[in-house]
1. What is the antiparallel percent of DSSP beta bridges lying wholly in the stretch 3-167, to the nearest 5?
2. Per residue, how big is the convex hull around the C-alpha atoms of the stretch 1-82? Give it to me in cubic angstrom, could you?
3. Working from Cα positions, state the angle (0 to 90°, nearest 10) between the long axis of helix 92-106 and the longest principal axis of the chain.
4. List the trypsin sites (Lys or Arg not before Pro) in the stretch 101-134 that DSSP assigns to loop (not H, G, I, E or B) and whose Cβ has at most 16 other Cβ atoms within 10 Å. Which are they?
5. Can you work out D for the stretch 62-121 in µm² s⁻¹ from Stokes-Einstein, where Rh is the Kirkwood radius over C-alpha pairs, the temperature is 10 °C and the viscosity is 1.306 mPa s?
6. Sorted by packing (mean other beta-carbon atoms within 10 Å per residue), highest first, where do 59-68, 43-52, 4-13 land?
7. What number, rounded to the nearest 500 deg cm²/dmol, is the helix-based mean residue ellipticity at 222 nm of the chain, given -39500 (n - 2.57) per DSSP H run of at least four residues and division by all its residues?
8. Give me the angle, in degrees from 0 to 90, between the Cα long axis of helix 16-27 and the longest principal axis of the Cα atoms of the chain, rounded to the nearest 10.
Amino acid sequence: MSLADVAYAPELPSHDAEIEEINAEAFGPGRFTRAAYKIREDGPHARGLSFVATANGQVIASVRLTPIAVGEGRAMLLGPLAVRPAWKNLGIGRKLLTIAADAAREKGVTAIVLVGDAPYYGPFGYERVKAGTMTMPWPVDPARLLVKELAPGSAGALLGPVVHADRAVE
Ligand SMILES: CC(C)(COP(=O)(O)OP(=O)(O)OC[C@H]1O[C@@H](n2cnc3c(N)ncnc32)[C@H](O)[C@@H]1OP(=O)(O)O)[C@@H](O)C(=O)NCCC(=O)NCCS
């Protein structure tokens, strides 16, 4: 079990079963009751902006981005991010976060939203969403609703209910 064995790659459909297993292991059945899950349920994630870490031919970590609409604004919802227990605390989660944000920026995405622990995501530029700007479909601890601007000022356009981009009313 060494970092030298770890490779990072765009997610493929053939990774789906292992990713599901990793998320079940990391979040348990409670994952189906999370606000972010509710949004992801309404449409596909962005396969091209989702990444896995593999080692010895197995998926050991995954991060997904899903397109969202927040009022007139558009962004990506990050998550789930999960690393197999045996591979935690080796920097794999951080690396996946960086890869996903770089790929999103490259594709013209201007902001990434997530529900997660601020102490983990803060160093990557995720800040608490301003009160009264975005509303999630289910209640979320406001301290865990975070946004990272990929273009300066982009969070200002994210006003309203957060929905999957496929559900956006044009
Ligand atoms: C959270 C998670 C993705 C981190 O991935 P990882 O590859 O283990 O973490 P990294 O190696 O990138 O970073 C490790 C550092 O993050 C810290 N960290 C890990 N989880 C944290 C959390 N929830 N809050 C704050 N810090 C956290 C570790 O203590 C460690 O700190 P150190 O560098 O000061 O020792 C992983 O632990 C995991 O899959 N957890 C279960 C699922 C989960 O909670 N996902 C996040 C949803 S918000």
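1. Antiparallel bridges: around 90 percent, rounded to the nearest 5.
2. Output value, Cα hull per residue: 93 Å³.
3. 50
4. Of the trypsin sites (Lys or Arg not before Pro), the ones in loops of the stretch 101-134 whose Cβ has at most 16 other Cβ atoms within 10 Å are Lys107, Lys130.
5. 129
6. Per-residue Cβ counts within 10 Å, averaged per peptide and sorted highest first, yield 59-68, 43-52, 4-13.
7. That calculation yields -6500 deg cm²/dmol at 222 nm.
8. Helix 16-27 sits roughly 80 degrees off the main axis of the chain.
Any read-out appearing in this document is the output of simple, stated calculations on the displayed coordinates, not a laboratory observation. Note that the structure is predicted; figures quoted are calculated from it, not measured. Every residue, glycine as well, gets a Cβ built from its backbone with ideal geometry; the counts of neighbours run over all protein chains shown.
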